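Here's the structure we're looking at; comments come further down.
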Amino acid sequence: MKKTKLSLFFIMMVSLIISILATPQPVSAEKKQTYIIGTDITFAPFEFSDSQGKYVGIDMELLERISEINHVNFEIKPVGFNAAVQAVEAGQMDAVMAGMTITPEREKSFDFSDPYFQSGIQMAIAKDNHTIHSYKDLKNKVVAAKTGTESAEFIEKNKQTYGYKIKLYDTADVMYSVLNAGNVDAIFDDYPVIGYAVKQNKPLQLVTDYEKGGSYGFGVKKGTHPELLTMFNQGLKELKASGEYQEILDKYIEAPASTQDEQSLMGILKNNYPALLSGLLYTLLLTFVSIVIAFFIGVLFGLMSVSPSKLSRRIASIYVDIIRGIPLYVFALFIYLGIPNVTGLKLSPFVAGIITLSLNAGAYIAEIIRGGINAVPKGQMEAARSLGLPYRKTMKKIILPQAFKLMIPSFINQFVITLKDTSILSAIGILELLRSGQIIMARNLQTFNVLLIVSVMYLIVITALTKLSKKLETKVNANGR
């Protein structure tokens, strides 16, 4: 009876805590000095990064001018469209501006500004394709669009009418690249985006007029930041009245062809090496910080996994099973978006990335330590205990020194794996090496060349670190003899 009452009391307390954490906090309409705005940076001409790493485009210039008009700061977070939408819903960011079409479904979760652009959907095919002239020619062909966009809804709606197959992609650079490679026959995207690509001398051709689409809006989480929407609307109205709004549109929608060499490997390197080096340094920083934290986590749970205490072993086993059972991509999204959505705690992408990598690598290091300790003959522990040495001293003086030598190759391997795992964090907007490459690809659509450069950079760094680690391993083993 007592146990039942205690269980009920425990359940009620846990439910109360969860409900408190999940309760939305009251929203203040007081003007802040700085607002965090999520965006994409792979959606030219609305938002993209130039060769100097500056965020430019229609959306970026509108935000810059509206912030100046209202004397506030907009901190731009280039996390990608889907991540930006989810981050605003989770309370991680204040607003999203990324060519976001206002739809009835989105209005259930977001409050939107006045529309700032009338969109439209257009079809494009490869420049050397002479078989497609209209939608009717798409029968039994493969068409593509970006996930979660108005274009994706359009091709799904007309699938039965024209008899084509559909493929969806997360980013524009991949979609345009598969078209050039011949893996799809046509792509659908917003007409300014496709028009901008054509004007940048991309191997595309337009074969139909654009279909009138919805309107783009600046969005905040429903019921939050009414003052931010008011500032945006007032600023937009002022820009339209002065004619500056139209000047911004003309600057990008009628953009001239690029005069920089963004086609060759050397041209891409020359124009983008600062962004690539910055991404590489961020990758190394993430790796080193995460692996240090992961080492301490791994030691703790590794020692718990071989502890005489059954409870300690059980706790370590649960931790390892949970972390290893969740894909790293899902885990990163859960840390960055899931937890803040329930608790209201805001995490920067960098902190969320460190937590993700540290907990993930810590679980594998724990297993490395458990395996290394178990690899030491059990007779040594028994002999030491029979001589009266306590458990802790036996582990410290006898077992761990031997086990450490056995663990070194696995530690090196885990270090390399963690470095490569940083590429997954591009999903939450961290500007590591891969994300830096994606931003470049969004501008020049040279997927093969950019990915080749990024791959070679990873290869050089990993090879150098592996050789350095092996020298360290050799030195440690030589000193231990």
* All but one of (1) part of a helix (DSSP H, G or I); (2) hydrophobic (A, V, I, L, M, F, W, C); (3) surrounded by fewer than 19 Cβ atoms within 10 Å (Cβ to Cβ) hold for Leu345; which doesn't? -> (1)
* Asked: Across segment 253-278, which residue is modelled with the highest pLDDT among those that are open to solvent by less than 20 Å² (accessible area, probe 1.4 Å) and closer than 27 Å to Leu62 by Cβ?
  -> Asn272
* Asked: Which ones in segment 122-155 are within 23 Å of Ala84 (Cβ to Cβ) and open to solvent by 90 Å² or more (accessible area, probe 1.4 Å)?
  -> Glu153
* Within segment 38-57, how many residues are surrounded by 24 or more Cβ atoms within 10 Å (Cβ to Cβ) and over 15 Å from Ala172 (Cβ atoms)? -> 1
* Asked: Quick check: is even one residue across segment 392-412 within 30 Å of Ala126 (Cβ to Cβ), touching a residue at least 60 places away in the same chain (Cβ under 8 Å) and either small (Gly, Ala, Ser) or open to solvent by 40 Å² or more (accessible area, probe 1.4 Å) (or both)?
  -> no
* **Wholly enclosed helices (runs of 4 or more DSSP H) of segment 146-261 bearing at least 2 residues among the basic types (Lys, Arg)** => 226-242
* To do: Would you please name the residue that is surrounded by the fewest Cβ atoms within 10 Å (Cβ to Cβ), looking only at residues in segment 166-180 that are farther than 19 Å from Asn140 by Cα and of a type in the set (D, E, K, R)?
  => Asp170
* Asked: Looking at this structure, is Ser386 surrounded by fewer than 19 Cβ atoms within 10 Å (Cβ to Cβ), among the hydroxyl-bearing types (Ser, Thr, Tyr) and either modelled with pLDDT under 75 or in contact with a helix residue (DSSP H, G or I) (Cβ under 8 Å, 6 or more places away or on another chain) (or both)?
  -> yes
* Asked: Exactly one of (1) out of contact with any Leu (no Cβ under 9 Å at 6 or more places or on another chain); (2) over 21 Å from Tyr116 (Cβ atoms); (3) not aromatic (Phe, Trp, Tyr) is unmet by Lys32. Its number?
  -> (1)
* **Pairs, first among the aromatic types (Phe, Trp, Tyr) in segment 230-255, second open to solvent by less than 80 Å² (accessible area, probe 1.4 Å), C-beta under 6 Å, six or more apart** => Phe232/Ile66; Phe232/Ser113; Phe232/Phe218; Tyr245/Leu239; Tyr252/Pro45; Tyr252/Ile58
* Asked: Looking at Ile440, is it in contact with a Leu (Cβ under 8 Å, 6 or more places away or on another chain) and surrounded by fewer than 16 Cβ atoms within 10 Å (Cβ to Cβ)?
  -> no
* **Residue count, segment 320-342 (criterion: open to solvent by 30 Å² or more (accessible area, probe 1.4 Å) and over 17 Å from Gly353 (Cα atoms))** => 4
* **Residue selected from segment 94-115 under the condition open to solvent by less than 10 Å² (accessible area, probe 1.4 Å) and hydrophobic (A, V, I, L, M, F, W, C), by the criterion nearest to Leu239 (Cα to Cα)** => Met97
* To do: Mind telling me which of the residues Thr422, Thr447, Thr463 ends up being within 18 Å of Lys202 (Cβ to Cβ), among the polar types (S, T, N, Q) and either open to solvent by 10 Å² or more (accessible area, probe 1.4 Å) or within 18 Å of the chain's Cα centre (by Cα) (or both)?
  => Thr447
* To do: Would you kindly identify the strands (runs of 3 or more DSSP E) lying entirely within segment 64-144 that contain at least 2 residues that are charged (D, E, K, R) and under 30 Å from Phe350 (Cβ atoms)?
  => 73-78
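The values are calculated or read from the model by the stated rules, or taken from the named source; none is laboratory data. Owing to the predicted nature of the structure, the values given are computational and were not obtained by experimental measurement. Backbone-built Cβ (ideal geometry, glycine too); neighbour counts: all protein chains shown. Protein only, heavy atoms only, side chains kept; ligands, DNA and RNA dropped before computing areas. Shrake-Rupley method; radii C 1.70, N 1.55, O 1.52, S 1.80 Å.
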